[in-house]
Amino acid sequence: MTVPTTMRAVQIIRHGGPDVLTEAEMAVPVPAAGEVLVRVSAAALNNTDLWTREGAYGSPEDPKTLSGWRGPVEFPRIQGADVAGRVVSVGAGVDGSLVGRRVVVDPASYDAEGPDANPVGLMGSERDGGYAEYVTAPARQVHDMTEAPLADDQLAALPTAYGTALGMIERGRLRKGETALVSGASGGVGLALVQIARARGARVLAISSAGKVDAVRQAGAHEVVDRANGVVEQIRAIAPEGIDVGLDVVAGDLVVEGLPAVRDGGRWVVAGALGGYQVAFDVRRLYLHNVQLIGSSMHTPAHFELLMDLARRGEIAPVISATFPLHEAARAQEEFAHRRHVGKIVLIPPGRRQSPAAG
């Protein structure tokens, strides 16, 4: 395939508001040994994009310090963790048969090799990401999705949101027949949790705003709780026997209010803090009832492979709320921050036409 020498990309030049997103023309990156070059077809937005831009992750020593996902960001940085596209060239030592394949990129950098490694870095934060026409990635982290029954924008919606959701479900050991409670159910991770938990055979209770109830039900929730009207009371009315697993991207007061609703031996998994990251609760709710409070950050390589298998079989179907051209990345992030949408917002690079679902 012919690859141009320059490309358009959107990068951040410092921490700040949407105005720090800057469109630029730059050299197309060259894949190093063990890497591939991917022509980006679609790049989905995530909370990580906003929080990395804002420097909102803090550090263990100072929660208020400006920081990327796992530490200081090197500027300028091309944002975007979630990429779907086609391999157009390969570096030394990489099988050339990958060229032309439609792929999804696992955006994590890991602390070790092996299926259970932990993520310690992320595209768009610790390395350049997919707000661009082209991006490089380790060959071992591109997954062939050529035959998947999903369009490019849906494939791009998978890595962070669905990877985070599957990581939560796996670490929470959710089993068929159990009752799962999903917070923030209309967001990208929330809808992913609903879909994957339903596919696993769980009974799914979801928390959402009243205006998004129908969309959450369509994603697979058995019951939807209005977050504005006494969440705990509604949960107890719907599931008087309690819940087995809380799948929580909100945290804050929900942890305090929700833990007493967990059955003996249950699990509460936290992977976000939209409702606040400082929490005080009665620890007796843990040790007297053998309840486990579990932190979950994204996915392992094994989780990601499971996710790709689910997508290849068509067992999950990301909901796309809107698409924006790449040069409108700032406007897309502003729309994302308003949280009026249900599902994912996706950027499309110039000249790209969406590849349809296979089949």
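A few comments on the model shown:
- When residues of region 28-58 are limited to those that are touching a helix residue (DSSP H, G or I) at 6+ places or on another chain (Cβ under 9 Å) and of a type in the set (G, A, S), the one most open to solvent (accessible area, probe 1.4 Å): A56
- For region 183-222, filtering for residues that are of a type outside the set (S, T, Y) and more than 15 Å from the chain's Cα centre (by Cα) leaves 24.
- Every listed requirement among (1) closer than 18 Å to A197 by Cα; (2) open to solvent by 20 Å² or more (accessible area, probe 1.4 Å) is met by G275 save one, (1).
- Any hit, region 176-191, residues being open to solvent by 10 Å² or more (accessible area, probe 1.4 Å) and part of a helix (DSSP H, G or I): yes
- Selection status of E170, of a type in the set (D, E), over 21 Å from V83 (Cα atoms) and open to solvent by 10 Å² or more (accessible area, probe 1.4 Å): yes
- Considering region 312-330, and only residues there that are open to solvent by 50 Å² or more (accessible area, probe 1.4 Å) and touching a Lys or Arg at 6+ places or on another chain (Cβ under 8 Å), the residue that is farthest from P349 (Cα to Cα) turns out to be V319.
- Taken over region 273-299, residues that are in contact (Cβ under 8 Å) with a residue 60 or more places away in the chain and either at positive phi or touching a Phe, Trp or Tyr at 6+ places or on another chain (Cβ under 8 Å) (or both) amount to 2.
- The residues of region 157-175 that are more than 8 Å from the chain's Cα centre (by Cα), in a loop (DSSP other than H, G, I, E, B) and of a type outside the set (K, R), listed by number, are G172, L174.
- Within region 228-243, restricting attention to residues that are closer than 20 Å to L191 by Cβ and without any contact (Cβ under 8 Å) to a residue 40 or more places away in the chain, the residue that is surrounded by the most Cβ atoms within 10 Å (Cβ to Cβ) is V231.
- Boolean, G246 is in contact with a Pro (Cβ under 8 Å, 6 or more places away or on another chain) and either under 30 Å from G114 (Cα atoms) or open to solvent by 30 Å² or more (accessible area, probe 1.4 Å) (or both): no
Rundown of residues vs (1) open to solvent by less than 20 Å² (accessible area, probe 1.4 Å); (2) more than 13 Å from G130 (Cα to Cα), yes/no style:
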{"site": "P60", "(1), (2)": "no, yes"}
{"site": "L66", "(1), (2)": "no, yes"}
{"site": "P72", "(1), (2)": "no, yes"}
{"site": "G80", "(1), (2)": "yes, no"}
{"site": "V87", "(1), (2)": "yes, yes"}
{"site": "G91", "(1), (2)": "yes, yes"}
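- Scanning region 201-223 for residues that are modelled with pLDDT of 95 or more, open to solvent by 20 Å² or more (accessible area, probe 1.4 Å) and either within 19 Å of R175 (Cα to Cα) or not in a helix (DSSP H, G or I) (or both) yields G201, R203, H222, E223.
The values are calculated or read from the model by the stated rules, or taken from the named source; none is laboratory data. All figures in this text were calculated on a predicted structure; none of them were measured in a lab. Positions of Cβ are backbone-derived with ideal geometry, glycine not excepted, and every protein chain shown enters the neighbour counts. Surface accessibility is based on the protein's heavy atoms, side chains included, excluding ligands, DNA and RNA. Shrake-Rupley method; radii C 1.70, N 1.55, O 1.52, S 1.80 Å.
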